[in-house]
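Derivation of every value follows stated rules applied to the coordinates shown; laboratory data play no part. Keep in mind that what you see is a predicted model, and the values were worked out from it rather than measured. In this analysis, Cβ positions are derived from the backbone assuming ideal geometry, glycine residues included, and neighbour counts consider all displayed protein chains.
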Amino acid sequence: MAEKKEKGEDTFEVMDLAEYAKKQRWWNRVFGQNSGPIAEKYSVATQIAIGGVTGWCAGFLFKKVGKVAASAVGGGFFLLQIANHTGYITVDWKRVEQDVNKAKKQLKLGAEKPPKEVRTKVDEVTTFVKKNIVLTGGFAGGFLIGLAS
């Protein structure tokens, strides 16, 4: 917009909004001017495909690793219960309760305000997601499909 000064009055150049809207990418219209892919050399379809494939791989691996981890933790607790029941080990429940209460207090102190490093990383991730909204949208969809498959 060009601004002109004439005799103390401000005048502005008229802009055709229809032409301006046609020049904007759809994600800029939806998510704002700071959004959109950093590398606009790839088409929207390519970005969705890349995001979808990488998301599916990540979701599939997350599902498999999660099952193994859950089985290992659950099996470990099961074995500890059997060992406790048969008398191989004894659990000092008062000490467990003290340790759990101590951990709760420490977590409450640390949860009030996250450290600066965490806030910085959150800001970086937010900026990345805004600048690559098409790619991250494809990744999120692929991740959910990978979890379901």
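Among the chymotrypsin sites (Phe, Trp or Tyr not before Pro) within segment 57-149, those in coil by DSSP and having at most 12 neighbouring Cβ atoms inside 10 Å are Tyr88.
Filter the GluC sites (Glu not before Pro) in segment 89-149 down to the DSSP loop ones having no more than 15 other Cβ atoms within 10 Å, then list what survives. Could you put the intermediate results ahead of the total?
On the way: sites: Glu97, Glu112, Glu117, Glu124; in loops: Glu112.
In loop regions of segment 89-149 (DSSP not H, G, I, E or B), the sparsely surrounded GluC sites (Glu not before Pro) are Glu112.
Other residues whose C-beta falls under 13 angstrom from the C-beta of Glu124 contribute a net charge of +3, scoring Lys and Arg +1 and Asp and Glu -1. The H on the amide N of Asn132, modeled in the peptide plane, is under 5 Å from the matching H of Gly36, each at least 5 residues off or on a different chain.
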